[in-house]
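The values are calculated or read from the model by the stated rules, or taken from the named source; none is laboratory data. Computed from a prediction, not measured in an experiment: that's the story for all the values here. Please note: Cβ atoms are built from the backbone with ideal geometry, for glycine as well, and neighbour counts cover all protein chains shown.
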Amino acid sequence: MKTLKCTQFCLAMLFVLGNAALNTTSAFSADLSARQVLENASEEGKYTYLLFYRNNDQRTRMMESETSQHVKNHADRTQFKKVHVYDRGESDVVNQFDAKRIPVPAVIAVAPNGAITCIHNRSISQQQLERSLLTTKYAEVVLALQNDKIAVVSLLPTDDSKPTKAARQFLKSDDFSDRSVHIQVSAEDESERDFYARVKVDPETEQSQVILFAPPGRHLGTFDNDVTLETLTEKVHASGSCNCEKCKHNHN
């Protein structure tokens, strides 16, 4: 399931706040359905935090308090909606996120492009919520992986720089052209500095680099400008990520 694949992007830690912020953001979308909240957030470039629950017990209230505080802290970027898994009016969203089958209460963060950036069950912390807010390009990487695509990330020193030759060849190759998504990230884009920090690459690097990520979220390597197509191809086939006849696991 798509929701289960993205759990690797989330860390486990509980930090309980008081209930002071509970009513502030819970009422924010009280008159809108979860589907409307998601659609509005997408149009406005905001994240949606969905709290799925069965009983309004202590765990649910604790997770609501944490998430509400986070949304209050990032009111310009986020929205919140509490969803009962047996609410018939919310069945389409409940089914979309398979919420009846996952442990609840659960908070799922959805980026404006539809990528799921975290799932946390039964407890959540401000640190985990903060890490669910991704840069635009990082969210594109996550969405590609959740769509079972290989994410080819070109890190460019300037807006005018070209991706590595190997990356361009990889994306045009018969083996990977239909299995890959290309995401280009410029070091001149200040809004993407957190992306560089998370992938542990110096944004001051003077030459283009390429990173390969494979579903569900494996980092296959970060490569310098002089990497060859053969190296990239071997990395993918060795991992079995494209699940083609050349992948090593298909010959075991």
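Tabulated results
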item	result
Unique residue being part of a loop (DSSP other than H, G, I, E, B), within 24 Å of Leu134 (Cβ to Cβ) and at pLDDT 95 or above when the list is Asp194, Asp159	Asp159
Pair list, Cβ under 9 Å, 6 or more apart: region 66-85 residue within 15 Å of Val37 (Cα to Cα), other residue assigned to a strand (DSSP E or B) and among the β-branched types (Val, Ile, Thr)	Val71/Thr78; Thr78/Thr48; Gln79/Thr48; Phe80/Thr48; Lys81/Thr48
Identity of the residue in region 166-199, surrounded by 17 or more Cβ atoms within 10 Å (Cβ to Cβ) and in contact (Cβ under 8 Å) with a residue 60 or more places away in the chain, that ends up farthest from Leu143 (Cα to Cα)	Ala166
Region 78-120, residues that are farther than 14 Å from Thr48 by Cβ, in contact with a Ser or Thr (Cβ under 7 Å, 6 or more places away or on another chain) and small (Gly, Ala, Ser)	Gly89
Lone unmet requirement of (1) in contact with a Pro (Cβ under 6 Å, 6 or more places away or on another chain); (2) under 24 Å from Leu143 (Cβ atoms) for Val110	(1)
Selection within region 155-165 - under 23 Å from Val236 (Cβ atoms), surrounded by fewer than 18 Cβ atoms within 10 Å (Cβ to Cβ) and in contact with a strand residue (DSSP E or B) (Cβ under 9 Å, 6 or more places away or on another chain)	Lys162
